[in-house]
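What follows is calculated from the coordinates using simple rules that are stated; it is not laboratory data. Here the structure is a predicted model, which is why all the values come from computation and not from measurement. Here the Cβ positions follow ideal geometry from the backbone for every residue, glycine too, while neighbour counts run over all protein chains shown.
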Amino acid sequence: AQTVTQSQPEMSVQEAETVTLSCTYDTSESDYYLFWYKQPPSRQMILVIRQEAYKQQNATENRFSVNFQKAAKSFSLKISDSQLGDAAMYFCAYRSSYSGGGADGLTFGKGTHLIIQP
Amino acid sequence: KAGVTQTPRYLIKTRGQQVTLSCSPISGHRSVSWYQQTPGQGLQFLFEYFSETQRNKGNFPGRFSGRQFSNSRSEMNVSTLELGDSALYLCASSLEVRESGELFFGEGSRLTVL
């Protein structure tokens, strides 16, 4: 079974600064997808960024980028120019590309609570 | 376009009772999945439905069940409630069942079991 580990329960950053959230995962599969989801206090989870394991190029979405290290099974999220609206729980998630049969869906880490200090 | 709608938003039940939660996906989305979120266990996958068929199921006891209707709306049921079932239950929808696909989540149904 796959596992996702987020070693930072809480992170704090000054507004306009850059912060990196860590995520490591364990899998024996070679093809999979990785995601970062954001859950603001209102509780609605929103996709921040996704990465296909077969792509070596790191995904970027505006101020959000990832550092994907497949061999190290690491998938960190970098938030540049942090804004007050970035304050939320951030979840790293894994999904196998081999769908169907047995447990599937997203496997989430325990999350990192990101605090933005004005 | 309306988002994923979950009802009820909050509910309180007692041990031994059963509960049914409802999820209306985004219009046009055919896949619905359910997740349980607790402080201790975090987010755990319950099941996934596509075109009224359960496609995948997580590691939960048989007390947890679900179904999907022809209009893609989904319900999940928990029978013989236990204290440990207290959680936020999140529903998510997507256009198709694609492993790379983005899930659109609802705000959740907060279940408290006394």
Express in % the proportion of alpha carbon pairs of region B:48-103 at distances exceeding 16 Å.
-> 49 percent
Grab the Cα-Cα distance for A:Glu61 and A:Leu84, subtract it from 0.36 nm times how many residues apart they are, and report the gain in nm with one decimal.
-> 6.5 nm
Percent of Cα-Cα pairs per 10 Å bin, from 0 to the last occupied bin, for chain A, please list those.
-> 14, 48, 30, 8, 1
What distance in nm separates the simple spin-label points at B:Arg63 and A:Ile115, each placed 7 Å from Cα in the Cβ direction?
-> 3.6 nm
Taking A:Lys78 as the anchor, which lysines have their alpha carbon closer than 27 Å to its alpha carbon, excluding any fewer than eight residues away along the same chain?
-> A:Lys38, A:Lys55, A:Lys70, A:Lys110
Give, as ranges by residue number, the residues of region B:23-51 whose backbone N falls under 17 Å from the point 7 Å along Cα→Cβ of B:Thr7.
-> B:23-27
Label 7 Å along Cα→Cβ of B:Thr14; region B:65-86 residues with amide nitrogen under 18 Å?
-> B:79-86
Of every Cα-Cα pair in chain B, the percentage lying beyond 23 Å is 22 percent
Take the alpha-carbon centre of region A:4-70, take the same for region B:36-114, and report the distance between them in whole Å.
-> 23 Å
